[in-house]
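Trainee: Please read through the structure below; I'll follow up with questions.
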Amino acid sequence: MSVYGKNSYVATSGILRYCIYMVKTEEIQVATEGGCSIVDITDQVAEATANSQIQNGAVVVFNIGSTAAITTIEYEPGLVNYDIAEALEKIAPQEGFYEHEKTWNDDNGHAHVRASLLGPSLNVPIVEGQLTLGTWQQIVLIDFDTRPRTRRVICQIIGE
């Protein structure tokens, strides 16, 4: 239904109303340490959303790359410094055998597996200009690769 800055009519509760839908895109740069580092990007996503001036719609938060993921967590020391890494180590151990490493002669097969399990993107509704996140819910980028990097995250805000 959304069309890049085009006009649309939307039926809500039996009432036809006129809307202008927009799509705005902003890139966030995130410095990471790798090795399952977790970075809270909630404030940057909120800023991109505010800059868009879109009041109702959604923001798609997308990591460019295949060894990091976007998700939500309660950003607290136990989860950030221990629990998430421990859980993922059980599922896709860093020292496990990965065909990817044999193919490319590198050391980050586990990073690709972990990132694919969590996924590269997140969709968050925007209501009255605000992200609809719970009190203890933050948007995070988790970098699973084996070295520090600067990650590129796209925020695409769609709505009216």
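Trainee: Looking only at region 93-116, which residues are farther than 20 Å from THR32 by Cα and buried (at least 18 other Cβ atoms within 10 Å of the Cβ)?
Mentor: TYR98
Trainee: Can you spot a residue in region 120-132 that is over 17 Å from VAL45 (Cα atoms) and either part of a loop (DSSP other than H, G, I, E, B) or at pLDDT 95 or above (or both)?
Mentor: no
Trainee: Please list, ordered by first then second residue, the pairs with beta carbon atoms under 9 Å, 6 or more apart or interchain, first in region 81-98 and within 13 Å of LEU118 (Cβ to Cβ), second modelled with pLDDT of 95 or more and charged (D, E, K, R).
Mentor: LEU88/ARG114; ILE91/ARG114; ALA92/ARG114
Trainee: Among the residues of region 121-160, what is the count of those that are buried (at least 19 other Cβ atoms within 10 Å of the Cβ) and touching a Phe, Trp or Tyr at 6+ places or on another chain (Cβ under 6 Å)?
Mentor: Of the residues in that region, 1 qualify.
Trainee: So which residues in region 71-92 are of a type in the set (Phe, Trp, Tyr) and farther than 19 Å from THR135 by Cβ, if there are any at all?
Mentor: TYR82
Trainee: Next question. Kindly indicate whether VAL153 is modelled with pLDDT of 95 or more and either assigned to a strand (DSSP E or B) or closer than 16 Å to THR49 by Cα (or both). Outline the logic, then answer.
Mentor: Values: modelled with pLDDT of 95 or more: yes; either assigned to a strand (DSSP E or B) or closer than 16 Å to THR49 by Cα (or both): yes.
Criteria met by VAL153.
Trainee: Does THR71 satisfy the condition of being touching a residue at least 40 places away in the same chain (Cβ under 8 Å) and among the hydroxyl-bearing types (Ser, Thr, Tyr)? Break it down stepwise before answering.
Mentor: Values: touching a residue at least 40 places away in the same chain (Cβ under 8 Å): yes; among the hydroxyl-bearing types (Ser, Thr, Tyr): yes.
For THR71, the condition - touching a residue at least 40 places away in the same chain (Cβ under 8 Å) and among the hydroxyl-bearing types (Ser, Thr, Tyr) - is met.
Trainee: How many residues, within region 52-70, are surrounded by fewer than 18 Cβ atoms within 10 Å (Cβ to Cβ) and under 24 Å from THR135 (Cβ atoms)?
Mentor: 3
Trainee: Let me spell it out: the conditions are (1) modelled with pLDDT under 95; (2) in a loop (DSSP other than H, G, I, E, B); (3) among the small types (Gly, Ala, Ser), and ALA11 meets all of them except one. Which number is the exception?
Mentor: (2)
The values are calculated or read from the model by the stated rules, or taken from the named source; none is laboratory data. Quantities reported herein were computed from a predicted structural model and do not represent experimental measurements. Cβ sites come from the backbone with ideal geometry, for glycine too, and all protein chains shown count toward neighbours.
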